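The structure appears below as structure tokens.
The values are calculated or read from the model by the stated rules, or taken from the named source; none is laboratory data. Please read these numbers as outputs of a predicted model, since none were measured by experiment. Note: ideal-geometry Cβ built from the backbone for every residue, glycine included; neighbour counts use all protein chains shown. Heavy atoms of the whole protein, side chains included, go into the accessibility calculation; ligands, DNA and RNA do not. Shrake-Rupley method; radii C 1.70, N 1.55, O 1.52, S 1.80 Å.
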Amino acid sequence: MLDVRGLKKVYEGSGRRVEAVRDLTFTVDAGELVCLVGPSGCGKTTLLKCVGGLLTPSGGEVLLDGRKVSGPPPGMAFVFQEYGRSLFPWMRVGENVELPLKQKDLSKARRRELVRDALESVGLADAVGAYPWQLSGGMQQRVAIARALAYEPRVLLMDEPFAAVDAQTRADLEDLVRGLWRERGITILFVTHDIDEAVYLGERVIVLSASPTVVREQLKVDLPVERDQLHTRVDPRFAELRTHVYEQIQAAKKGAAAS
Amino acid sequence: MRRALLRLVFTVALPALLVTVWWVASAGSTDVYWPPLRTILEAFPDVWTAERLRGDVLPSVLRLAGGYALAAVVGVALGTVIGSYRRVRAVCEPVLEFLRAVPPPVLVPVIMLFAGIGDTMKVTVIAVGCVWPVLLNTVEGVRAVDPVMAETARSYGITGVARLRNLVLRSASPQIFAGLRQALSIGIILMVISEMFAASNGLGFTIVQFQRGFAIPDMWTGILVLGLLGFLLSVVFQWVERRVLGWYHGLRASARRSP
Ligand SMILES: Nc1ncnc2c1ncn2[C@@H]1O[C@H](COP(=O)(O)OP(=O)(O)O)[C@@H](O)[C@H]1O
Ligand SMILES: [Mg+2]
């Protein structure tokens, strides 16, 4: 469904040239939940923005259902790392969630229904009338997720969405994402720098090298579909997988330092 | 209730004190140019009859409203265009800096050459003077749109008019209002000055007439009316601002509580 081929992105400007992503190739199947994990600054955000049509790659291409992505495609939704700056503070929660729907050809009743349904899914049905800045960080990120859900995307791109929330909230939100994925059958590409999070969430983990970035390894997470914070994290298989990914990333960092 | 009362006391205290000082200090005055406040207040109802309010205050207010509205519309529209396009900004910036540096009152004789001495001239003078703070603040506000919000809008296909209405103008609105506020005091000054140059009615005209006819207490009542008008307009402005920028004040207050 999602095809990334030979993706390369070089930032150029003011005499500086940064090769953020060198050569990335991978695919994501319909209905899959894939985690991309890599050290900070390795180009994860860059990659995701190229996939989402927010940046034009310097080389290679991204295909969605065989069609080349050249701008934000209608079937994709993006959840940004900076939740506090992604919601519009002049709109109430309900209006924030509804705004993207106004670009679609939907009746008012249908929009209402989608907004209510999405907010219920993230457990924030009561917050429709609140302003984003009246909510905690974790709640704001839930609203951003609800906004993406209401948009009914086929592909959901998430860029380190939980990097800035506290550990407890983070665990809740991870379970929320897995729950939504199972309920709604959305394809999710989830970016994180947290190895545990990648292994806990993903059906598959793609490990990126340090910059200049290539795919270092892809591994299937053969944990049961039914996961929970308490048992999954102490599962010996979980420990094996996370150790493996950890070693890969360490090796990637050393490799980068040596070369 | 008690707090509201206390606030009222605080608001009224200084004006009351100043009026008392004026009253006492001028009580025994025999200076023609400094009549006792008592004399001024006694003259007030005789001078500012309903007829005079209709014949002189109303035309002034209408000119101000016309010029101010024109400046607001033109300033926000041009400011949005200039703020949105880097190229346009590069071309316009030096010219804007020059035009802004010209003190608006010197425009009166120039504009009289083109627009005559009628209402058109006065409305034009007010508009030309008021447009700069609105324009320049709008440019700054539009430029400062948060890049994450801009990308959010783009990823959800919010473009064109919807983007302008829901993102750009809303995000720039605190700055736009700062400009409008500056413009309001400039507008009142220009209203009076333009009426002093050439007019057959209006507040500025009336005050000058009194002064020339040595009706000094009457002249002072005119100045009081001007002060009251300015005060009233600023109260109305604040009321509108509270409604439109309620979200902004809330956001700032919440940012102060949890930095
Ligand atoms: N707009 C930009 N201009 C220039 N360099 C950039 C820009 N955005 C990111 N970079 C650089 O590209 C590299 C990858 O950044 P990013 O994709 O944000 O990494 P990550 O999300 O993995 O932390 C970094 O070295 C960063 O400094
Ligand atoms: Mg990032």
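Among the residues of the stretch B:120-149, which ones are part of a helix (DSSP H, G or I) and either within 14 Å of chain A (Cβ to nearest Cβ) or of a type in the set (D, E) (or both)?
B:E140, B:G141, B:P147, B:V148, B:M149
Among the listed residues A:S70, A:S86, A:S40, identify the single one that is farther than 29 Å from A:L223 by Cβ and out of contact with any helix residue (DSSP H, G or I) (no Cβ under 9 Å at 6 or more places or on another chain).
It is A:S70.
Within the stretch A:148-177, can you find the residues that are assigned to a helix (DSSP H, G or I) and open to solvent by 10 Å² or more (accessible area, probe 1.4 Å)?
Residues satisfying the conditions are A:A167, A:Q168, A:T169, A:R170, A:A171, A:D172, A:D175, A:L176.
Does A:Q141 satisfy the criteria of being among the polar types (S, T, N, Q), away from ligand 2 (no atom under 16 Å from the Cβ) and at pLDDT below 95?
Judged against the criteria, A:Q141 is not a match.
Have a look at B:L169, B:L184 and point out the one that is closer than 30 Å to B:N137 by Cα, away from every other protein chain (no Cβ under 14 Å) and crowded, with 17+ Cβ neighbours inside 10 Å.
On inspection, the qualifying residue turns out to be B:L184.
Which ones in the stretch A:82-117 are away from chain B (no Cβ under 12 Å), of a type in the set (G, A, S) and under 22 Å from B:W247 (Cβ atoms)?
A:G94
Where in the stretch B:42-119 are there helices (runs of 4 or more DSSP H), lying wholly inside it, with at least 3 residues that are over 18 Å from B:F205 (Cβ atoms) and open to solvent by less than 60 Å² (accessible area, probe 1.4 Å)?
B:58-84, B:86-101
With the condition kept exactly as written, say whether any residue in the stretch B:194-203 is at pLDDT 90 or above, more than 14 Å from chain A (Cβ to nearest Cβ) and open to solvent by 50 Å² or more (accessible area, probe 1.4 Å).
No.
Would you confirm whether any residue within the stretch A:64-73 is closer than 30 Å to A:L101 by Cβ, in a strand (DSSP E or B) and within 14 Å of chain B (Cβ to nearest Cβ)?
yes
Residue under question is A:D159, and the condition is that it be in contact (Cβ under 8 Å) with a residue 40 or more places away in the chain and in contact with a Ser or Thr (Cβ under 7 Å, 6 or more places away or on another chain); does it hold?
It is true that A:D159 is in contact (Cβ under 8 Å) with a residue 40 or more places away in the chain and in contact with a Ser or Thr (Cβ under 7 Å, 6 or more places away or on another chain).
Any residue that is outside any helix (DSSP H, G or I), open to solvent by 40 Å² or more (accessible area, probe 1.4 Å), away from ligand 1 (no atom under 16 Å from the Cβ) and assigned by the TED database to the domain that holds A:A252 - is there at least one of those in the stretch A:179-197?
Yes, because at least one residue in the stretch A:179-197 is outside any helix (DSSP H, G or I), open to solvent by 40 Å² or more (accessible area, probe 1.4 Å), away from ligand 1 (no atom under 16 Å from the Cβ) and assigned by the TED database to the domain that holds A:A252.
How many residues, within the stretch A:19-61, are without any contact (Cβ under 8 Å) to a residue 60 or more places away in the chain and open to solvent by 50 Å² or more (accessible area, probe 1.4 Å)?
Residues meeting the conditions: 4.
Regarding A:D228, is this residue in contact (Cβ under 8 Å) with a residue 40 or more places away in the chain, away from every other protein chain (no Cβ under 14 Å) and more than 16 Å from ligand 2 (Cβ to nearest atom)?
Criteria met by A:D228.
crowded, with 22+ Cβ neighbours inside 10 Å and free of Cβ contacts under 8 Å to residues at least 60 places away in the same chain: which single residue out of A:V10, A:V4 fits that description?
It is A:V4.
For A:F88, indicate whether it is open to solvent by less than 20 Å² (accessible area, probe 1.4 Å) and part of a loop (DSSP other than H, G, I, E, B).
yes
Got a number for residues in the stretch A:20-40 being more than 18 Å from A:V199 (Cα to Cα) and within 16 Å of ligand 2 (Cβ to nearest atom)?
Counting residues in the stretch A:20-40 that are more than 18 Å from A:V199 (Cα to Cα) and within 16 Å of ligand 2 (Cβ to nearest atom) gives 3.
For A:A239, which of the numbered conditions (1) among the small types (G, A, S); (2) open to solvent by less than 10 Å² (accessible area, probe 1.4 Å); (3) free of Cβ contacts under 8 Å to residues at least 12 places away in the same chain fails to hold?
Against the list (1) among the small types (G, A, S); (2) open to solvent by less than 10 Å² (accessible area, probe 1.4 Å); (3) free of Cβ contacts under 8 Å to residues at least 12 places away in the same chain, A:A239 comes up short only on (2).
In the list A:K49, A:K68, which residue meets the criterion of being charged (D, E, K, R), in the same structural domain as A:V215 (by the TED database) and more than 11 Å from ligand 2 (Cβ to nearest atom)?
A:K68
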